[in-house]
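Written out below as structure tokens is the structure these notes cover.
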Amino acid sequence: MTAPLTSLELRSTVSSDGKLTLSLEPVTLEAPGPDDVIVKVEAAPINPSDLGLLLGPADMATLAAGGTPDRPTLTAEILAGRMGAMKPRLDESMAVGNEGAGTVVEAGTNVAHLLGKKVGMLGGSMYAQYRRIAARDCIPLPEGATAADGASMFVNPLTALSMVETLRMEGHKALVHTAAASNLGQMLNRVCIADGVPLVNIVRSEAQAAILREIGAKYIIDSSAPDFREALTDAIAETGATLAFDAIGGGRIVNSILHAMEAAANRTATAYSRYGSSTWKQVYIYGMLDTSPTELDRGYGLAWGVSGFLVTPFLMKLGLEGTLRLRARVAAELTTTFASTYTQTISLAEALDPAVVQAYAKKATGEKYLIDPSR
């Protein structure tokens with residue numbers, strides 16, 4: 001590069017007076033170092049994990065547009081009771097977007113072979129026209145793959161694979177997964193089918209169940225059905241599932257899963273114990289589709305655990321060799337096992353349109369949005 005490059009970047013700021021502001025801010029990218037690249041970002045998904053930083057606990061009823069067509073802004077109020085959790089980020093303009101994909105337009109001397117290649121990226125600040133990033137945080141896309149194909153090759157695929165890795169590391173036989181018709185849920189089904197891992201899918205409607213049946217899922221339980229608890233217990237008893245990953249978080253779904261696991265274990269019990277079955281039951285909460293409190297009544301003995309799950313700490317525990325193994329599988333199966341579908345592709349400016357924000361903030365199954373900053 002003969003001169004620095006200016007790029008527009010989507011920023012999220014929570015002010016001390018309780019206001020969220022989204023804006024497009026110019027940033028200057030210097031020439032890449034020997035092991036760095038500059039990528040023209042052409043696709044970046046809006047994941048639930050992105051929404052936490054992008055929108056925080058904003059009151060969606062107070063969205064107000066401002067700025068200009070080229071440089072729009074969006075503001076919203078944050079309820080006073082939610083401001084305590086925002087203290088570490090107050091008055092700090094924060095870049096958004098965990099992952100993305102695009103074309104390498106500049107490359108350092110040690111990674112010149114990447115020039116002109118399409119790559120997937122992980123490292124934040126992806127809702128931007130250009131991204132300067134270390135080449136080690138990029139994966140070249142397979143021949144013929146588009147930026148949209150590679151945009152979601154990290155968060156969801158590595159989370160799905162990490163769930164199966166956890167099952168193996170902890171000695172479980174089968175999995176339970178909630179919000180199972182999501183993009184991640186569909187990937188997890190394809191992984192489990194390929195790897196021979198029984199998977200119990202919990203969905204909220206017949207339409208979601210149909211999505212999973214189409215890709216070959218065997219155990220699909222509708223939480224809105226009157227026989228939900230009995231059907232869930234039957235599926236857990238048949239598969240031997242003692243591990244669950246929950247994307248919902250709030251409410252009583254975790255409680256229901258633990259009750260069903262305990263009931264399934266007791267079907268083969270030969271003696272009564274006032275402490276419940278000795279079968280260990282583990283639920284990891286990895287999402288917050290429901291932000292209300294997680295309700296547990298502890299009516300399933302004492303051999304159980306509920307904790308949070310984040311993919312990055314898990315991959316650190318797995319180690320470099322294991323992480324590279326998972327990444328290689330994602331790259332090899334990018335357009336099959338780990339294919340993602342999107343409801344709509346929007347520009348950076350459209351990502352700040354109140355009506356569009358209301359749509360993608362719903363986190364509805366089958367309604368995943370993709371930002372193309374090059375539009």
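The values are calculated or read from the model by the stated rules, or taken from the named source; none is laboratory data. All values reported here derive from a predicted model rather than from experimental measurement. Cβ atoms come from the backbone with ideal geometry, glycine included; neighbour counts cover every protein chain shown. What goes into the accessible areas is simple: the full protein's heavy atoms, side chains included, and nothing from ligands, DNA or RNA. Shrake-Rupley method; radii C 1.70, N 1.55, O 1.52, S 1.80 Å.
With all pairs of separate Cα atoms included, the stretch 170-255 yields a Kirkwood hydrodynamic radius of 12.8 Å.
Could you put Asp222, Asp17, Asp35 in order of accessible surface area, largest first, with the 1.4 Å probe and the full protein assembly present?
Details: Asp222 35, Asp17 120, Asp35 85 Å².
Highest to lowest solvent-accessible surface, that is Asp17, Asp35, Asp222.
If each residue of separation counts as 0.36 nm, what is the full-extension length gain between Arg136 and Lys218 once their alpha-carbon separation is subtracted?
Working: separation 82, 0.36 × 82 = 29.52 nm, distance 3.83 nm.
Full-extension gain reported as 25.7 nm.
Straight-distance candidates among the lysines for linking to Lys117, with alpha-carbon spacing under 24 Å and chain neighbours fewer than 8 residues away dropped: Lys40.
Here are some pairs, Lys19/Lys362; Lys173/Lys317; Lys173/Lys362; which of them have Cα atoms lying more than 27 Å apart in this structure? Walk me through the intermediate numbers first.
Working: Lys19/Lys362 20 Å; Lys173/Lys317 21 Å; Lys173/Lys362 34 Å.
Over 27 Å Cα-Cα: Lys173/Lys362.
With the largest listed first and rounded to whole Å, the semi-axes of the equivalent ellipsoid of the stretch 315-375 from the Cα gyration tensor are 31, 13, 12.
Rounded to the nearest 5, what is the percent of antiparallel bridges among the DSSP beta bridges in the stretch 119-269?
Antiparallel bridges make up about 25 percent of those DSSP assigns within the stretch 119-269.
Couplings 3J(HN,Hα) for the stretch 81-92, derived from phi with the Karplus relation 6.51 cos²θ - 1.76 cosθ + 1.60 (θ = phi - 60°), are x, 9, 6, x, 6, 8, 3, x, 10, 4, 6, 10 Hz, where x marks Gly and Pro.
Peptides 157-166, 64-73 ranked from most to least packed by the mean count of surrounding Cβ atoms within 10 Å: 157-166, 64-73. Of all aspartates and glutamates in the structure, those lying under 20 Å Cα to Cα from Lys87, and not within fewer than 8 positions of it along the same chain, are Asp17, Asp50, Asp59, Glu77.
Peptide packing: for 19-25, 272-278, the average count of neighbouring Cβ atoms within 10 Å per residue gives the ranking 19-25, 272-278, highest mean first.
Give, as a single signed number, the net charge of other residues whose beta carbon lies under 14 Å from the beta carbon of Leu334, with Lys and Arg counted +1 and Asp and Glu -1.
Values: positive: Lys118, Arg190, Arg327, Arg329; negative: Glu99, Glu143, Asp149, Glu333.
Counting the neighbours of Leu334, the net charge comes to 0.
Each label point was placed 7 Å from the Cα along the Cα-to-Cβ direction; for Glu230 and Thr62 their separation is 4.8 nm.
Sequentially through the stretch 189-204, phi angles give Karplus couplings (6.51, -1.76, 1.60; θ = phi - 60°) of 4, 5, 5, 5, 5, 5, 8, x, 9, x, 9, 9, 9, 9, 10, 10 Hz, Gly and Pro residues having no value and appearing as x. For the stretch 125-192, the ratio of Cα radius of gyration to the globular rule of thumb 2.2 N^0.38 Å stands at 1.38.
Rounded to two decimals, what is the ratio between the C-alpha radius of gyration of the stretch 51-198 and 2.2 N^0.38 Å? Each step should come with its number before you reach the end.
Values: Rg = 19.6 Å, N = 148, 2.2 N^0.38 = 14.7 Å.
Dividing the Cα radius of gyration by 2.2 N^0.38 Å gives 1.34.
Evaluate the relative contact order of the stretch 1-95 (contact order divided by residue number), counting alpha-carbon pairs under 8 angstrom at least 6 apart; express in whole percent.
Details: 139 pairs, mean separation 36.1, N = 95.
Rounded, it is 38 percent for the stretch 1-95.
Subtracting the Cα-Cα distance of Arg71 and Met83 from 0.36 nm times their residue separation leaves 1.6 nm of extension gain. Once the Cα-Cα distance is subtracted from the 0.36 nm per residue extended length, the Leu90 to Thr336 segment shows a gain of 84.4 nm. With a Förster radius of 30 Å, plug the Cβ-Cβ distance of Leu310 and Ala207 into 1/(1 + (r/R0)^6) and report the FRET value to the nearest 0.05. Efficiency, from the Cβ-Cβ distance: 0.50.
Structural descriptor for the chain: relative contact order 18 percent, calculated from alpha carbon pairs under 8 angstrom and at least 6 residues apart. For the chain, the calculated P(r) over all alpha carbon pairs, in 10 Å bins from 0 to the bin holding the longest distance, is 5, 22, 29, 25, 14, 4, 1, 0 percent.
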